[in-house]
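The values are calculated or read from the model by the stated rules, or taken from the named source; none is laboratory data. All of these numbers come straight from a predicted model, not from anything done at the bench. Here the Cβ positions follow ideal geometry from the backbone for every residue, glycine too, while neighbour counts run over all protein chains shown. Quick note on the areas: whole protein, heavy atoms, side chains included, nothing else; ligands and nucleic acids left out. Shrake-Rupley method; radii C 1.70, N 1.55, O 1.52, S 1.80 Å.
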Amino acid sequence: MSNTDLEDDLRATLDRAAASVPPVTDLTERATTGARQAQRRTWIASGAAAVAVAAIAIVGVNVAGRDAPSQSPVAAGTASATPSAKVQSQVSPQSVAGTWRPVEMDGLKTLKAARPEDPVLVLLPDGTWNGSDGCNGLQGTYTIGQRGEFTATVGPQRMVGCENVPHTGVLKTAKRVALDADTLRFFATDGRQLASYARAR
Amino acid sequence: MEFEEYVSARGQELVRLGFTVSGDYQRAEDLAQIALMQAFRAWRKVRTADDPHNYVRRILINAYLSMTRRRSFTEAPTAELDAERTVPDPATDIVNSDDLWRSLARLSARERVVLVLRYYQDLDDHTIADLLGIKPSSVRATASRALATLRRTRQSHRVDERLS
């Protein structure tokens, strides 16, 4: 039997087989319904995965919080090493917006000294900040990432000498920020706490 | 072209293609549905392709080849069949009447796909190679091997017929 004969027979067989297939009428509906159901399943699976991740994160934070030694008030001027992962609240320009008073700063022992101006730090939800170091007006911009990553720029400022509260040093050095109720903490790259602020009433 | 227009123009062709590669009517419908579902989800991309039908055909063939690689592809027979409740399979007639069709079922999935694309879909080797993601020389080699197997099977059938 030649190859051509076999090929001809093959064509005829395949044509006959194809012709034996009865017509299917609801293909469009089945395809669109199936695709939509599959898409819905994907959304549900994605949603469930997101919920699971959030639940694990919450449990993880709670366990970390329970395991960590309770933090006693630290005397002004002493550095306290706090794990940078201890982020208690979702932190964003909106959540940190407000006026903040310094409570402790790494290496600064004169936070309570008298100054011409109130040494507050004002964070605005539009990503800008201003305030005073006690003697000079301060300003700049800042960003907060999804996991609390922090960057800041410092604008021009006067250099009147007094017991300056180094907000600018804290903001420029900080790589991470954490918000715990009414306490705002800034951390360095190595996780060391640079400063903590309390929300001004 | 809208998705609905495509399905009404080419949907049945896809079922037929599914049947010629799989040899199973139910599986043919499944393959056509899988291909159309995937095409529907990416219809914006499919409709702008050079040849939307080729795009969907590729999905179907890949779905079939993936299906044959699964262990569950060869289904275990049930212990008993209720003859009154079985649905007539359109493949039954052709299976009973055509030894060539029976021989096709004994080829590997890839061999069968190559022969179907070449002799039923009348695609050239380059297009088949592109569709399967292999070289044209591999298409030629696969087709040649498959044809040789079919020829041998056919000759042995004829010898058997003469002897019986």
Task: Search result, residues across region A:16-33 that are in a helix (DSSP H, G or I), within 7 Å of chain B (Cβ to nearest Cβ) and open to solvent by 40 Å² or more (accessible area, probe 1.4 Å) - done: A:R16, A:R30
Task: Meets criteria (touching a helix residue (DSSP H, G or I) at 6+ places or on another chain (Cβ under 9 Å) and modelled with pLDDT of 70 or more) for A:T4 - done: no
TODO: For A:A113, state whether it is loosely packed, with under 14 Cβ neighbours inside 10 Å and small (G, A, S).
DONE: yes
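Rundown of residues vs (1) more than 8 Å from chain A (Cβ to nearest Cβ); (2) among the charged types (D, E, K, R); (3) touching a residue at least 12 places away in the same chain (Cβ under 8 Å), yes/no style:
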| residue | (1), (2), (3) |
| --- | --- |
| B:Q12 | no, no, no |
| B:G18 | yes, no, yes |
| B:M37 | no, no, no |
| B:K45 | yes, yes, no |
| B:D51 | yes, yes, no |
